[in-house]
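Step one of this worksheet: look at the structure below.
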Amino acid sequence: MSNSELFFTFFFLTGLQASFGQTPTSSFTSSWSFPPVGLANGETMQINLVNLAADIGPSGGLTPQAASCTGNVSFVNAAGTAIGAPSSFSVGSGVTQSITLPFGNSGITNPRDEIRAVVAETVIIGRSAPPCSLSVSLEVFDSSNITHVYLHTVFAPIPSGFATLQ
């Protein structure tokens, strides 16, 4: 069975349980990493997160559900070591949250080094799961707020370890 077939089966069975009056809710963490980006003295790295999903209104017999994406962001140095503690995020529909790493808090001792940002989203599955469509960007800007780097992506969560299933 291919990965896509397993993924479809997982969500089909979750939906099937919900259709029989049960309200199964489970969660997993989906993590991804931006590529390494240089951070130099006087610069700040910033991750911007926005939830593009809309709240669900009370129509068609659906229970109202506020959109929500949650998780945490961490930064990793060139040696693969975490820089400080992860910062948590929780974004509702249309809400943007930014998490920053100024050069002075990076632990970099050289004038410039490579940093990686890692986003870990808590994905909730089930009939009562809040809508979430997380869009994430990374930017590096200097002390005069001039952006030097901008990377953007929209992620489709896949359970950790799922790609190893055969």
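How long are the three semi-axes of the equivalent ellipsoid for the range 27-159, computed from the Cα gyration tensor as the root of 5 times each eigenvalue, in whole Å, largest first?
Over the Cα atoms of the range 27-159, the ellipsoid semi-axes are 32, 15, 10 Å.
Which order do the peptides 36-48, 85-97 come out in when sorted by mean C-beta neighbours inside 10 angstrom, highest first?
Those peptides, ordered most packed to least, come out 36-48, 85-97.
Only the coordinates and a few stated rules stand behind these numbers; no lab work does. This is a predicted model, so every value here is computed, not measured. When we count neighbours, we look across all protein chains shown, and the Cβ atoms used for this are built from the backbone with ideal geometry, even at glycine.
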